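In what follows, a single structure is set out as structure tokens and then discussed.
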Amino acid sequence: MGGNKNWIPVRGAQGVHSRQAHADLPAGTYEREISKEGFFGPAAFLYHPNPPTGWSSFEGPLRPRAFDLNGLNEAAGSPWNAPKVLHNKSVEVRFWKLSGVMPDLARNADGDQLLFVHSGQGDLFCDYGRLRFEAGDYLYLPRGTMWRLAPEGQAAILMIEATNGHYTLPDRGLLGPHAIFDPSILKTPEMDEAFKDHQAESGEYPVRIKKRGEVSTVTFPFNPLDAVGWHGELAPVKLNVRDIRPVASARYHLPPSAHTTFLADRFVVCTFAPRPFETDPGAIKIPFFHNNDDFDEVLFYHAGDFFSRDNIDAGMMTFHPSGFTHGPHPKALKNMLVQTKEATDEYAVMIDTRDPLDVGDGAASVENHAYVDSWKAR
């Protein structure tokens, strides 16, 4: 991302410092990274005697924010009625609770759609056939796909739209194309008997089409998911977080970008999955303090023990706008060099956006206003 720019050439060092980023910190110091292009461009590493987030107060719109999305209890039949959480011109994030089969079909004409299944199981019916889904599944729907969900009971879905854009996979570089997850693990829909039974259902079928943020309704006197076959290089796919095998280093804490799962034009989607902690005695074993001044950072907590955050539970979301130093909570700092267990136990979805995000009405209604004080110097 930042390799082709002709950055201003600087090679310097002053005072007491480490020779290796994120390892062998001078005694009694905390490391802070300032970098360009997320973690791909030039960077500086500063060493402080106090935690860089040890503020006594933090006022203004730049403050870190947290939202308990579990409190969004509206069970909307249409994804376009789901509460809007965060958005800008390139991405739209909603949290959708669905209490039964979608009464109508949906089609997104604004961009590719990514559905992350936080809870629930059932069937996705779409132009291409049927996909079985369960908690932890990413469901990728190319722009223009017609679809409906048929959960068995209730389901909770994090929806991430690539507005006017596309989802692709990251370049795995030296790791090779089969690292993190083998592309053969991606599952496409099947035109099986269950899909054919769904096609045979009679009645009228409204299709709710979202374009430029507005919804139009096209009604058919038959089920428009009536294709009898397909072939090509474009289709919905399913990927479960259990099938993601994160890269890890015993001697160096890798930046979040190492866990990128999907790329869009102006943002990335990363997945944090269980991995071993670093074992080198000098390597830090928690996320490092950093100024990511080029990206807004969002984390949705899916399941497990979130080791870098205190009082964060599954179904919550944190939002750190670009422009200030952030990092682990004080409780996590106690385990900076020595962890009490061998591996992490968390699944989380991270969204990093190049453009500033606006907070939607849905998120604002379930905000934890005390979150900013969780770093406060005691």
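The values are calculated or read from the model by the stated rules, or taken from the named source; none is laboratory data. Treat the numbers as computed from the prediction; the structure is a model and nothing was measured. Ideal geometry is used to build each Cβ from the backbone, glycine not excepted, and the neighbour counts take in all protein chains shown. Note: accessible area is taken over every heavy atom of the protein model, side chains too, but ligands, DNA and RNA are not part of it. Shrake-Rupley method; radii C 1.70, N 1.55, O 1.52, S 1.80 Å.
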Note to self: Taking a cut-off of 17 Å, what percent of all Cα-Cα pairs in segment 166-216 are separated by more than that?
What the structure shows: 68 percent
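Per residue, how big is the convex hull of segment 1-110 when only Cα atoms are used? Give it in Å³.
On the way: hull volume 24.7 nm³, N = 110.
That works out to 225 Å³ per residue.
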Item checked: Shape metrics for segment 177-259, restricted to C-alpha atoms - Rg then Dmax, Å -> 20.0, 62
Note to self: Can you tell me the length gained on complete extension of the stretch E201 to I185, counting 0.36 nm per residue apart and subtracting the Cα distance?
What the structure shows: 2.6 nm
Check: Which residue, V237, V91, V218, has the most motion in a Gaussian network model of the chain that connects Cα atoms within less than 10 Å?
Finding: V218
Note to self: On the Cα set of the chain, report Rg and Dmax in Å, please.
What the structure shows: 22.0, 76
Note to self: Along its three principal axes, how long is segment 314-378 when you only count alpha carbons? Whole Å, largest extent first please.
What the structure shows: 40, 29, 24
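Just flag the GluC sites (Glu not before Pro) in segment 199-295 sitting in loop per DSSP whose Cβ has no more than 10 other Cβ atoms within 10 Å. Please list the in-between numbers first.
Values: sites: E201, E204, E214, E233, E278; in loops: E201, E204, E233, E278.
Sites meeting the loop and neighbour criteria: E201, E204, E233.
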Check: Residues of segment 313-329 with amide nitrogen under 19 Å from the 7 Å Cα-to-Cβ point of D358?
Finding: 319-322
Note to self: Spelling out what I want: for every residue of segment 318-331, take phi, set θ = phi - 60°, compute 6.51 cos²θ - 1.76 cosθ + 1.60 (Karplus), and round to whole Hz; glycine and proline get x.
What the structure shows: 10, 9, 10, x, 5, x, 9, 6, 9, x, x, 6, x, 4
Note to self: In whole percent, and with a 1.4 Å probe on the protein chains, what portion of the accessible area of segment 16-116 is carbon and sulfur?
What the structure shows: 50 percent
Checklist line | H178 versus L234: modelled label distance in nm, points set 7 Å from Cα along the beta carbon direction | finding: 3.0 nm
Next item on the list: Once you have the Cα-Cα distance between Q14 and R251, take 0.36 nm times their residue separation minus that, and quote the gain in nm to one decimal.
Entry: 82.9 nm
Item checked: Under Karplus coefficients 6.51, -1.76 and 1.60, residue-wise ³J(HN,Hα) of segment 262-270 in Hz, glycine/proline x -> 9, 10, 10, 5, 10, 7, 10, 10, 10
Next item on the list: Multiply the residue separation of K341 and S99 by 0.36 nm, subtract the distance between their alpha-carbon atoms, and state the gained length in nm to one decimal.
Entry: 83.3 nm
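Hand me the GluC sites (Glu not before Pro) from segment 37-90 located in a DSSP loop with no more than 14 other Cβ atoms within 10 Å, in residue order please. Walk me through the numbers on the way to the answer.
Details: sites: E37, E59, E74; in loops: E37, E59, E74.
Passing sites in segment 37-90 are E59, E74.
Using R₀ = 25 Å, calculate the FRET efficiency as 1/(1 + (r/R₀)^6) where r is the Cβ-Cβ separation of F58 and N311; round to 0.05.
Values: r = 17 Å, r/R0 = 0.68.
About 0.90, to the nearest 0.05.
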Notebook entry, point to check: Short version: what are the Cα gyration tensor semi-axes of segment 81-130, square root of 5 times each eigenvalue, largest first, in whole Å?
Noted result: 20, 15, 10
